[in-house]
Ligand code: SF4
């Protein structure tokens, strides 16, 4: 099995500054223990279709051309997905879709739905596979979707999430024949539906000092039904941890989306981290004549579970932030 963090797959064919990740709904027919946005069947928040289409239209005006649709489980609203995808494709977006794959009940059903998605303009499907998903969606449904994608020429990239249950991970790896596939792992976002699982995952994933953090290399703008506009797709439910940093750009319910996209475009910090993997910022700060010693003493030995948590920590430091935006211009 080839686990690739950097840098292959359709996500990497597009500049991060041109990407838009849309959490369309926070509702889901599953309630995975490690769900970043804490989705479940009890959740009801969802974007209105017209609002989502307007976000796409404004996004296109600001150069967005890669749309990653997700949730929650967006395929609970298939007709809205088809319409959104058609709108996005007409606006020039490449469209990808994240899903837990519940709809792949039979080979025939999977093929029919993949065909409809393809006709609507979806270019890639990213199904999720993990021990947590398996509690809700059988592995057979993912196999049906994989086969349908192969038959119809749809790009298929599996989102793999390592769990704290190695025997179930091994079962999935065998069943999905992951030894011969490239899969797309995630770093650890320490949020989810079950606090005990998150603690167990911290042990499995471990934390890293800034020199050693793995970087997905695909930071991208995210929006969700709360109206949050965040400079990363690693959004959580409430996104409190991003508040007060350049990563929390604003709320489109309060501020016109075009103003927020202008702020994103004009943020030297965001544009720098979209275009450079995190070692670039780390190196830049170490080598800064006035900040380097302070930065190294303060952050050099701190440990993080993800590059996003590293950014949040650094961006909360007033001394680092004073002048960083200017220095990166
Ligand atoms: S991880 Fe995906 S499938 Fe699981 S609850 Fe969250 S949105 Fe639903």
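Every number here is computed from the coordinates shown, using simple stated rules; none is lab data. Values in this document were obtained by computation on a predicted structure and should not be read as measured data. Here Cβ is always computed from backbone atoms with ideal geometry, including for glycine, and neighbour counts include all displayed protein chains.
Per-structure values
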item: Extension gain (nm, one decimal) between residue 48 and residue 293, 0.36 nm per residue minus Cα-Cα; result: 83.3 nm
item: Whole-Å semi-axes of the chain's equivalent ellipsoid (Cα gyration tensor); result: 32, 24, 17
item: Highest-first arrangement of 309-320, 95-106, where packing means the average Cβ count within 10 Å; result: 95-106, 309-320
item: Cα-based helix-to-principal-axis angle, 257-266 vs the chain, degrees rounded to 10; result: 50 degrees
item: Degrees, to the nearest 10: 107-120 long Cα axis against longest axis of the chain; result: 50 degrees
item: Rough spin-label spacing in nm, given labels placed 7 Å along Cα→Cβ, for residue 240 and residue 212; result: 3.0 nm
item: Where only C-alpha atoms are counted, convex hull volume of segment 271-327 per residue in Å³; result: 78 Å³
item: Angle between the chain longest axis and helix 78-90 axis [Cα atoms, degrees, rounded to 10]; result: 60 degrees
item: Value at 222 nm in deg cm²/dmol, rounded to 500, when DSSP H runs of n ≥ 4 in the chain each add -39,500 (n - 2.57); result: -11500 deg cm²/dmol
item: Alpha carbon centroid spacing (whole Å) that separates segment 38-86 from segment 101-127; result: 17 Å
item: Over segment 2-266, relative contact order from alpha-carbon pairs under 8 Å, at least 6 apart, %; result: 24 percent
